[in-house]
Each structure stands twice: as C-alpha cells, then as structure tokens.
Amino acid sequence: MQIEYQTQRLSLRFFMLMLVLFVIQVGYGMLLSVQQVDPTVLAGVMNFNVARAEHLNLGILWILCGFIGAILFVSPLLSKREMFAPWLIKLLFYALIVIVLWNMFTLRLAQVGIAGWWHGQPWLQQGLEYLEPGRIAGVLVLVGFAILAFVVLRTFPPVRQWNEIHWGLGLGVSALMVVWVFGLFYVARLDLQEYFRWFVVHYWVEGVWEVIHITLVGFLLVLMFKVDIKSVGFAVFWGVALVWLSGLIGNAHHYFWIGTPAFWQFWGSLFSALEPLPLVFCFWHIYLDAHTNKRPLENAPAFYFILGSVVLEQIGAGILGFSMTFALTNVWSHGTWITPGHGHLALFGTFGMLGIAAAYFAVPIMRQVNNYDQRLGKLGFWLLLTGMLGMAFAFNLGGTVQIYVYRILGLDWFGGDVAHAMGVFKLLLPLFGVLFAVGALVVAYDLITLGRRISAPAGTDAHGGAATVHPVTRWGRPLSGFEAGIWLLMMWVFGAIITLGLLSFNLPRVRVEGDPTLPYLLAGIGYPGLLLVTLLFVWRFLASMEARTYAVETPSLLRILPAQA
Amino acid sequence: MTHRITDLTISVLACVIAVLLSWPFWRSYAYWPESHLAWLIYFVTGFVLAVYVFYVFIGSLRILFLHDTQEQGTAATDKAKIS
C-alpha cells in the first residue's frame with residue numbers, strides 16, 4: 001500500500017512521540033510495582049503518589065498521541081483530500097510536547113505541596129486523580145483538542161457526504177473537546193468536584209474513546225481486509241449507538257460511593273450491566289470482517305494488535321467491568337486492587353493496543369517499507385499481552401485478598417497487615433511488569449527503527465519467518481463462528497464466576513463470620529480461568545489467521561498436511 | 001414476528017437479572033420520600049429503557065450476521081461466474 005496524501009505523514013511524529021511516552025510510562029509503572037513491594041524505594045525522591053500521578057497522566061497522554069496519529073492518518077483517506085492547515089497540526093505536536101513536559105514537571109510539585117494558587121485556581125497542579133495537572137495544562141489541552149477537532153472537521157467533506165465513519169470520528173473529536181471542559185471547573189465542595197472529574201475520565205473512556213475506537217477499528221479493517229464499507233458503517237453506527245444507549249446512563253456506577261444521590265444505584269447498576277453489549281458487538285464485527293476473505297495477513301503485527309485491542313476490551317472493560325459495577329459488588333471492590341485489574345486491561349488493552357495497531361499499519365506505509373521483518377512486532381505483542389494478563393491476574397487476586405483483609409476483617413490499612421496478606425501478589429506485579437516492559441521496549445525499538453534496519457532476510461516470507469516453518473496443525477485450522485462463540489461463552493462463564501465471587505462478600509457467612517472460602521475459591525477459579533482462556537483464544541484466532549499465509553503460499557502442501565494431522 | 005417475541009423475551013429476562021443484581025440498594029426511597037409515584041416512574045422508565053437497549057443489541061447483531069451471510073453468498077456467486 002502506498003501513501004496517498006502527503007499530509008498523512010504528519011501522523012508519524014505523533015506515533016513516535018506515543019512510543020517514547022509509552023516507554024516512560026511503563027518505567028513509572030515498574031517503579032510503582034517495586035514501591036508496592038518495598039515502600040522505601042526512592043521515598044522522598046519520587047514518592048509513590050507522584051510516580052502514580054505521572055503513570056496515570058502519561059498513560060492518558062500517550063494513548064491520545066496514538067489516537068491523534070491514527071485520526072490524522074485516516075482523515076485524508078476519508079476526505080479524499082489533503083489535511084486542512086497542516087501548520088496547525090505541527091503546532092499541535094509541539095504544544096503536546098510542552099503539555100507533556102509541563103505535566104511531568106508540575107506533578108512533582110505535589111511532593112512539596114505546591115499547587116500555585118492564583119485567583120482561587122490551582123494553576124500548577126491540582127491533585128485530582130487522573131486530572132492532577134493544574135489549570136495551565138488544562139487550558140492548553142483544551143486548545144489542543146480544539147485544534148484537532150477544527151482540522152479534522154475542516155478536512156472532512158460537507159456533512160451531507162458523510163458516511164458512518166465520518167460521523168463516528170467527527171463526533172469523537174468534537175466530544176473529546178467538549179467533555180474535557182468539565183475538567184476545567186473548580187468547585188469547592190469535594191464531592192461535586194469528584195462528580196465532574198468522573199465526567200471527564202469516564203465519559204471520555206466509556207463514551208468518547210469507545211466511539212473513536214469502534215470507528216478506527218472499523219476503518220482499519222476496511223483498509224486491511226477490503227471489507228465492504230457499508231457493512232462496516234452498519235457496525236460503526238450500531239456500535240456507537242449501543243455505547244451511548246448503555247454508557248451514558250451506565251456511567252452512573254461511578255456515582256455510587258462518592259456522596260451523590262443514592263437513586264443512581266438502580267439506573268447505574270441496570271445500565272452498567274448493558275455496557276458490555278457494544279463490546280460483544282465489536283467482537284463479532286472483527287471476527288466477521290477478518291473472515292470476509294481468506295487472504296493472508298499482509299501486516300500481521302497490525303492485525304495482532306487490533307485483535308488484542310478488541311479481545312482485551314471484551315475482557316478488561318466488558319467482563320471485569322461488568323463484574324464490579326453493580327452496587328452489590330462495587331461496594332466491596334471500589335478503590336481496591338480489583339479496580340486497576342480492570343483498568344489496566346481496559347485502558348491499555350482497548351485504547352493502547354489500538355494506537356500501537358494503527359502505528360504498525362501506518363509506519364511501514366509512511367516509510368515505504370513493503371516487506372519488513374514482522375517477527376519483532378509479533379514478539380512484542382505476545383510479551384505485552386502476556387505481561388498485561390499477568391498483571392491483571394496479580395491485581396485481581398491481590399484485590400480479592402485486600403477486600404477480605406481490609407474490608408471484611410477491618411485490619412489496619414497502613415499498619416502492614418494488608419501488605420503482608422497481599423505479599424505474593426505484590427511480588428507478581430513487578431515480575432509480569434518486567435515481561436510487559438520488555439514488550440514495550442521491543443515494540444518501541446521495532447517501530448522507531450522500522451525501515452531503517454535490513455528488511456526481511458532473503459529466503460523468508462513476508463512475516464520474517466522461514467517459509468517452511470509453519471506447520472499446519474489443528475490449532476491453525478480455520479476458526480468458525482460457532483467456535484468463536486464457544487470461546488466467548490467460556491470467557492463469560494468465568495466472568496460470571498468472578499461476579500459471584502464478588503457477590504459472595506455480601507453473605508453473612510463471609511461478612512459476619514469471616515469465612516473467606518467462597519470468595520477465595522470463586523476468585524481462584526474465575527480470574528486464572530478467564531485470563532488463560534483469553535490467552536488461548538487469541539493464540540487460536542491468530543494461529544488460524546497465520547495458517548492462511550501458509551495455505552496461500554504453499555497450496556500443494558495444504559492439501560496434504562490436514563490429512564496427516 | 002417470532003423473532004421479535006423471542007428478542008423481547010430474552011431482553012426482558014436479561015434486564016430482570018440486571019435488576020435483581022441491584023436489588024437492595026434502591027429501596028430506601030431516600031430522595032423522593034414524599035412521592036412513591038416518582039420512584040415508580042423512575043423504576044419503570046429505567047426498566048423499559050434497558051429492555052429497549054438489549055432488544056436493539058440483539059436486532060443489530062442479527063443484521064450484522066445477515067450482512068456477513070449475504071457477502072459470502074455474493075462472493076460465492078462471483079467465484080462461480082469466474083470459473
């Protein structure tokens with residue numbers, strides 16, 4: 001595939017910035033996991049709360065970089081013309097660097113208690129979780145989003161010519177800016193401030209980013225598999241509709257325990273239960289699109305990460321999100337390690353993997369590399385996927401112990417009782433973190449140097465592997481819709497076990513008598529089962545896709561080997 | 001028609017389960033204590049909206065699969081024409 005519009009190249013710098021920020025963010029994550037084991041590490045130099053703020057903020061910023069890169073790459077293709085005002089995009093890039101540096105510097109002021117108050121506003125840092133930076137960063141971010149929305153909307157053709165993909169991206173970039181405005185309020189009452197903070201964080205994630213995600217996944221699949229754009233348009237339309245039908249009210253599960261009216265608990269629980277529906281829809285959408293033809297994967301890492309994005313969205317946002325958003329389960333799980341278990345899989349899985357997928361799709365095209373060694377990309381994917389699933393495993397099982405020790409037994413939070421009980425899982429976190437960090441370095445190195453290294457060595461296929469090393473096994477046979485449905489069902493069965501485990505904390509046997517057998521047993525079956533099934537399903541799906549390469553390139557062998565299997 | 005009845009039944013059942021999972025937390029009538037009618041409208045509206053969302057989901061998923069079947073049918077016809 002050749003680049004069609006020169007302004008698409010502007011996306012490259014955003015992808016590169018994304019990779020740099022991703023690696024730094026993972027570095028902060030590693031530090032946090034070590035500080036969980038030994039809280040004295042870098043105490044006074046880089047305190048846990050500051051490192052955590054950096055980790056969270058950089059997480060949002062690098063994912064936004066990926067989104068901006070992907071949107072800039074596809075916008076000229078959707079508009080069939082060059083990007084409007086490329087100088088504004090260049091300005092946006094430098095503004096983004098300023099925001100990142102400003103953020104990283106001012107968040108450290110939290111350690112010495114400086115917020116830079118002026119005219120009743122915290123200009124340097126405000127300390128609200130996820131929205132830690134001060135007003136100056138907030139205003140700059142708003143200007144940045146305004147530039148992005150303006151350029152994308154001016155690049156698009158007149159509204160009457162829009163299809164569903166234009167609508168998805170158009171609504172996405174506009175809503176990105178509008179929702180951010182809620183983060184600029186400062187309200188003296190902390191509960192009301194929390195209310196608006198959650199507007200930004202969760203209407204972004206569950207309302208706006210989901211819309212951009214569905215749209216970008218749809219368009220990337222159109223580009224990769226030559227899928228009928230009308231079918232993708234249908235999927236994008238109903239995906240967006242279901243996100244908003246369920247998510248706009250379902251977001252009320254964040255209002256349960258922050259001092260907001262109790263009536264949210266009914267609608268919040270009810271509509272939260274419906275929030276996985278668009279994710280199930282997206283799951284089937286990618287399965288069907290990937291199977292519209294049986295052509296081999298031209299760009300395997302790009303598809304690996306798209307699939308990873310949709311599957312981890314199903315697991316992290318869908319199943320683990322479902323299990324903990326009822327008032328009855330959330331009362332135990334909120335604010336414990338159960339939350340980052342869900343959050344890491346949902347945020348990195350859904351949005352981070354999509355940014356990396358878009359980079360893997362766009363960078364070879366922009367660097368004019370037709371045949372690159374795809375082994376590093378695949379290795380990076382497996383390291384990131386396994387590392388993230390492992391971290392989710394540690395977070396969730398650690399969180400289950402935490403609920404029991406901290407909330408049921410009521411032992412001292414800071415006294416070390418909880419830390420001792422969670423010890424094994426606190427140790428697992430940096431171990432899987434190392435795996436993830438290596439994956440992040442591999443992906444960053446691969447993408448940054450792509451096209452500058454020697455491409456696929458002679459005698460290898462387009463994926464960098466020797467042409468004769470792909471055995472066609474039963475694991476690589478075509479994946480039917482029925483089988484995909486069974487895998488999905490298995491994931492949800494484990495999800496149901498996890499949900500029952502959290503619900504069991506309400507039983508008098510656990511809550512009054514202090515018997516942890518049932519929640520521990522259900523969590524011990526549910527979490528490892530879910531994460532293992534996820535890993536196996538991704539392996540199975542990708543093996544079936546990889547077998548296509550073999551089938552097309554060596555048709556004669558294909559006829560022989562299945563009979564032997 | 002059968003489809004619609006089946007979809008509606010599944011939607012209602014799914015939403016009943018969702019309601020049961022939120023059971024103990026909305027019975028306090030704490031915020032509209034003077035008006036049980038307001039609570040009733042709130043419950044019924046929420047339930048009907050939720051059933052609608054689930055119903056839309058099933059319907060759109062069915063059409064998604066129909067698209068796929070049609071595309072495969074078209075591809076098979078094209079292939080037959082070429083051969």
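The values are calculated or read from the model by the stated rules, or taken from the named source; none is laboratory data. Here the structure is a predicted model, which is why all the values come from computation and not from measurement. Glycine also receives a Cβ, built like all others from the backbone with ideal geometry; neighbour counts cover every protein chain displayed. Side chains are part of the model used for accessible areas, which takes the heavy atoms of the whole protein and leaves out ligands, DNA and RNA. Shrake-Rupley method; radii C 1.70, N 1.55, O 1.52, S 1.80 Å.
Look at the stretch A:255-280: where a residue is over 15 Å from residue A:313 (Cα atoms) and more than 8 Å from chain B (Cβ to nearest Cβ) and a partner is charged (D, E, K, R) and outside any helix (DSSP H, G or I), sitting 6+ places away or on another chain with Cβ atoms under 9 Å, you get A:259/A:189. Taking the stretch A:334-354 as the range and being more than 18 Å from residue A:279 (Cβ to Cβ) and among the small types (Gly, Ala, Ser) as the test, only A:335 passes. Scanning the stretch A:488-529 for residues being among the β-branched types (Val, Ile, Thr), buried (at least 17 other Cβ atoms within 10 Å of the Cβ) and free of Cβ contacts under 8 Å to residues at least 40 places away in the same chain gives a total of 1.
Taking the criterion of being in contact with a His (Cβ under 6 Å, 6 or more places away or on another chain) and either hydrophobic (A, V, I, L, M, F, W, C) or open to solvent by less than 10 Å² (accessible area, probe 1.4 Å) (or both), the only residue of the stretch A:217-240 that qualifies is A:235. Residues that are under 30 Å from residue A:536 (Cβ atoms), at the interface with chain B (Cβ under 10 Å from one of its Cβ atoms), open to solvent by less than 20 Å² (accessible area, probe 1.4 Å) and modelled with pLDDT under 90 do occur in the stretch A:312-326, at least one of them. Among the criteria (1) open to solvent by 10 Å² or more (accessible area, probe 1.4 Å); (2) within 14 Å of another protein chain (Cβ to nearest Cβ), the one residue A:243 does not fulfil is (1). In the stretch A:107-127, the qualifying residues are those that are among the aliphatic types (A, V, I, L, M) and closer than 11 Å to residue A:53 by Cβ, and the one that is surrounded by the fewest Cβ atoms within 10 Å (Cβ to Cβ) is A:109.
Per-residue answers, yes or no, for (1) assigned to a helix (DSSP H, G or I); (2) surrounded by 16 or more Cβ atoms within 10 Å (Cβ to Cβ); (3) among the aliphatic types (A, V, I, L, M):
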position	(1), (2), (3)
A:26	yes, yes, yes
A:30	yes, yes, yes
A:70	yes, yes, yes
A:75	yes, yes, no
A:78	yes, yes, yes
A:90	yes, no, no
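If you check A:205, A:181, A:201 for being within 21 Å of residue A:121 (Cα to Cα) and under 18 Å from the mean Cα position of the chain (by Cα), only one passes: A:201. Residue A:269 meets each of the listed conditions (1) at pLDDT 95 or above; (2) under 20 Å from residue A:201 (Cα atoms) apart from (1). When residue A:211 is tested against (1) part of a helix (DSSP H, G or I); (2) touching a residue at least 24 places away in the same chain (Cβ under 8 Å); (3) more than 10 Å from every other protein chain (Cβ to nearest Cβ); (4) open to solvent by 10 Å² or more (accessible area, probe 1.4 Å), exactly one condition is not met: (4). Every listed requirement among (1) assigned to a helix (DSSP H, G or I); (2) in contact (Cβ under 8 Å) with a residue 12 or more places away in the chain; (3) more than 26 Å from the chain's Cα centre (by Cα) is met by residue A:160 save one, (2). Screening residue A:186 against (1) touching a residue at least 60 places away in the same chain (Cβ under 8 Å); (2) open to solvent by 30 Å² or more (accessible area, probe 1.4 Å); (3) farther than 28 Å from residue B:73 by Cα; (4) part of a helix (DSSP H, G or I) leaves a single unmet condition, (4).
Against the criterion of being farther than 25 Å from residue A:13 by Cβ, modelled with pLDDT of 90 or more and open to solvent by 20 Å² or more (accessible area, probe 1.4 Å), residue A:432 qualifies.
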